[in-house]
Amino acid sequence: MKRLAGKGKSLCLPLVAGLLLFLAACTVRYSFSGVDIAPEIRTVSVKTFKNNASLVNLKLANELTTKLKERFQSQTKLIVVEQKGDLQFEGQITDYALTATAVGGDKAAMNRLTITVQVRFVNTADERKSYDARFSRYADFSSSLTLEQVQDALVSEIVEALIDDMFTKAVTNW
């Protein structure tokens, strides 16, 4: 019995040492935010979004660009640069539309503001993570209000959702 216990210990030590060596050789990236950015990525650049929508909100392109930069500053350690970042964003606003929804009788009970953007993202370290994608989000509001009354709040809400989509697709594995 003592002999078996001794053999178990002698087999266990090399096994544990091998496991520790294996784990030390692996690089594991773990984050509570889900952000997965390779260590060689240090910068991000965001070109000002162009506004090519038929209905133009003059503040939208600047707000979208600024909020995307702020997201990277607040949730990553990347440095925002003017151009040629390790991660690169450019895009355009392709649609800014107001439509009637939830029609009741002869009048719309709700209206919907929809913003659509086309985004080109380049990951210079891993081209497989690059994308060219269209993102669209909307917010509904009561037809008893005008777009001018709710526009600033709705645009902020929609821009946050669009930024979530762009950021998530670029730097998370979810």
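Rule-based calculations on the coordinates, nothing more; no lab input. Here the structure is a predicted model, which means the values were calculated and not measured. Heads up, the Cβs are rebuilt from the backbone with ideal geometry, glycines too, and the neighbour counts pull from every protein chain shown.
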Practice task
Rounded to whole Hz and in sequence order, give me ³J(HN,Hα) for segment 48-55 from the Karplus expression 6.51 cos²θ - 1.76 cosθ + 1.60, θ = phi - 60°, writing x for Gly and Pro.
Solution key: 4, 5, 8, 9, 10, 6, 6, 9
Problem - Table column - 3J(HN,Hα) (Hz), segment 150-164, Karplus curve with 6.51, -1.76, 1.60, x for Gly and Pro - result: 10, 4, 4, 5, 5, 4, 4, 4, 5, 4, 4, 5, 5, 4, 4
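With +1 on the Cβ of every Lys and Arg and -1 on the Cβ of every Asp and Glu, and nothing else charged, how large is the dipole of segment 118-174 about its Cα centre, in debye rounded to the nearest 20? Walk me through the numbers on the way to the answer.
Numbers: 6 positive and 10 negative charges, 69 e Å.
For this selection, approximately 320 debye.
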Problem - Set of aspartates and glutamates with alpha-carbon distance to Lys50 below 14 Å, sequence-local pairs under 8 removed - result: Glu63, Glu90, Asp95
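Just to be sure I understand: if I project the alpha-carbon convex hull of segment 38-171 onto a plane and average over all orientations, what area do I get in nm²? Please report the intermediate quantities before stating the final value.
On the way: hull surface 34.0 nm².
With every direction weighted equally, the projected area is 8.5 nm².
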